[in-house]
Amino acid sequence: MTRYAALALQTVLAVGIAPLLVGFIRWLKARLQGRRGAAPWQPYFEMSKLFGKEAVVSHTASWIFRATPFLVFGTSVVVASLVPLVVAPSGRLIVGDLFAAVYLLLLGTVFLALAALGTGSAVGGMGASREMTVVALTEPTVALSIVALALNAGSTNFSQIVTRTLADPAAALGPGHLLAFSALFIVTLAETGRLPVDNPSTHLELTMIHEAMVLEYSGPYLALVEWAAAVKLLVFLALAANLFVPWGIAQSLAPGALVVGLASFIVKLGVLAVAIAVLETRVAKLRLFRVPELLSASFVLALLAVMSTFLAR
């Protein structure tokens, strides 16, 4: 098996199990709240149903509205191919770079905001405005939190960050490492529209952020947007799991190493999904004007992580 085939297979794996991750979080939240809840694989049925429906498009929508679902889904898949999931091979093949991943995700978010504005909907414009406010604080935090790891590795390449952390396990318990992980976890909740920043299960105009931008989409367009959101959630959880706790990830293409890497990746995703489900059943949504305060705190944590790592070198 070549390196390219391994990276392609793990990308297909990420795109395939992303809806299952969202369904598992929904199912676990329902169980924690004393409800039966839908099965974890319910998102597959929902997307299959949407792909079979006709898309209704506003007559004021431009080409950006029609192109955005494909662009958002495409950028999410490309980022999933850059992030080390099951295997992080060292050598000449570059798995992915920090800044490429950050700006590809930002590109999809910007086009989604433009599509929301293009329909002329007041709710869409409100959601786009709120999303840009959130993104202005989250994107620098993502970059800074991973830069804290890149300072030790001497590179912004994900594979080299994983290799460096595995070579120096003591660094993973340092204050810079822990501060960066806390910052990235808060940003993950904001970027993926989870509580306490946003509520993915509501359509109340006063509180919507992500849902307000996709309210005009239907049929296959909506299926692609929801699928892209699921892949984005998996990517952020994979960054938190494999960059900060890389133990178990395969560094070679040996069958045994790949099996261990796949098992460890699933276990890490499960632990983080449980953490999100428990958090969302224990906290309420923040008021909108309090969200920038939380994200500013995450930015300060990431900045302190970089300073701590730099001073400890």
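The values are calculated or read from the model by the stated rules, or taken from the named source; none is laboratory data. What you see is a predicted model, and the numbers here were worked out from it, not measured in a lab. Here the Cβ is made from the backbone with ideal geometry for all residues, glycine too, and neighbour counts use every protein chain on show. The accessibility values were calculated without ligands, DNA or RNA, using every heavy atom of the protein model including side chains. Shrake-Rupley method; radii C 1.70, N 1.55, O 1.52, S 1.80 Å.
Evaluated at q = 0.11, 0.12, 0.13, 0.15 Å⁻¹, a Debye calculation over the C-alpha positions of the chain (equal weights, vacuum) places log10 I(q)/I(0) at -0.67, -0.80, -0.95, -1.26.
Among TRP247, TRP63, the order of accessible area from largest down is TRP63, TRP247, computed with a 1.4 Å probe on protein heavy atoms. Between GLU46 and LEU166, the FRET efficiency estimated from the beta carbon spacing at R0 = 51 angstrom works out to 0.85.
Binning the C-alpha pair distances of region 99-228 at 5 Å intervals from 0 yields a P(r) profile of 2, 10, 17, 20, 16, 11, 9, 8, 5, 2, 0 %, listed from the shortest bin outward. Per-residue SASA remark: LEU215, around 80 Å² accessible (1.4 Å probe; ligands, DNA and RNA not included).
For region 144-201, the Kirkwood estimate of hydrodynamic radius, built from reciprocal distances between every pair of different alpha carbons, is 12.4 Å.
For LYS49, the aspartates and glutamates whose Cα falls under 20 Å of its own Cα, not counting residues fewer than eight places away in the same chain, are GLU211, GLU216, GLU226. Computed from Cα atoms, the angle from the helix 175-191 axis to the main principal axis of the chain rounds to 20 degrees. Here the label points at LYS53 and ARG3, each 7 Å from Cα along the C-beta direction, are separated by 4.4 nm in the simple model. For the chain, averaging the sequence separation of C-alpha pairs within contact (under 8 Å, six or more residues apart) and dividing by the residue count gives a relative contact order of 28 percent. Legend: calculated FRET efficiency, VAL267 to LEU32, from the Cβ-Cβ distance at R0 = 22 Å, rounded to 0.05, equals 0.65. Heavy atoms of the protein chains alone define the surface here; on that basis the chain has 44 Å² accessible area per residue at 1.4 Å probe size.
Largest to smallest in accessible area, the residues HIS177, HIS210, HIS203 fall in the order HIS203, HIS210, HIS177 (1.4 Å probe, all protein chains included). Projecting label points 7 angstrom from Cα along Cα→Cβ for VAL278 and LEU173 puts them 2.1 nm apart. Computed from the Kirkwood radius of its Cα pairs, the Stokes-Einstein diffusion coefficient for region 1-160 at 20 °C and 1.002 mPa s stands at 116 µm²/s. Taking the 1.4 Å solvent-accessible surface of the chain as the whole, the part contributed by carbon and sulfur is 69%.
Per-residue SASA remark: LEU7, around 20 Å² accessible (1.4 Å probe; ligands, DNA and RNA not included). Ranked from largest to smallest solvent-accessible area, with a 1.4 Å probe on the protein heavy atoms, LYS285, LYS268, LYS53 come out as LYS53, LYS285, LYS268.
If you plug the beta carbon distance of TRP247 and SER296 into 1/(1 + (r/R0)^6) with R0 = 25 Å, you get a FRET efficiency near 0.20. Seen from ALA273, the other residues with C-beta closer than 13 Å to its C-beta sum to a net charge of +4, counting Lys and Arg as +1 and Asp and Glu as -1.
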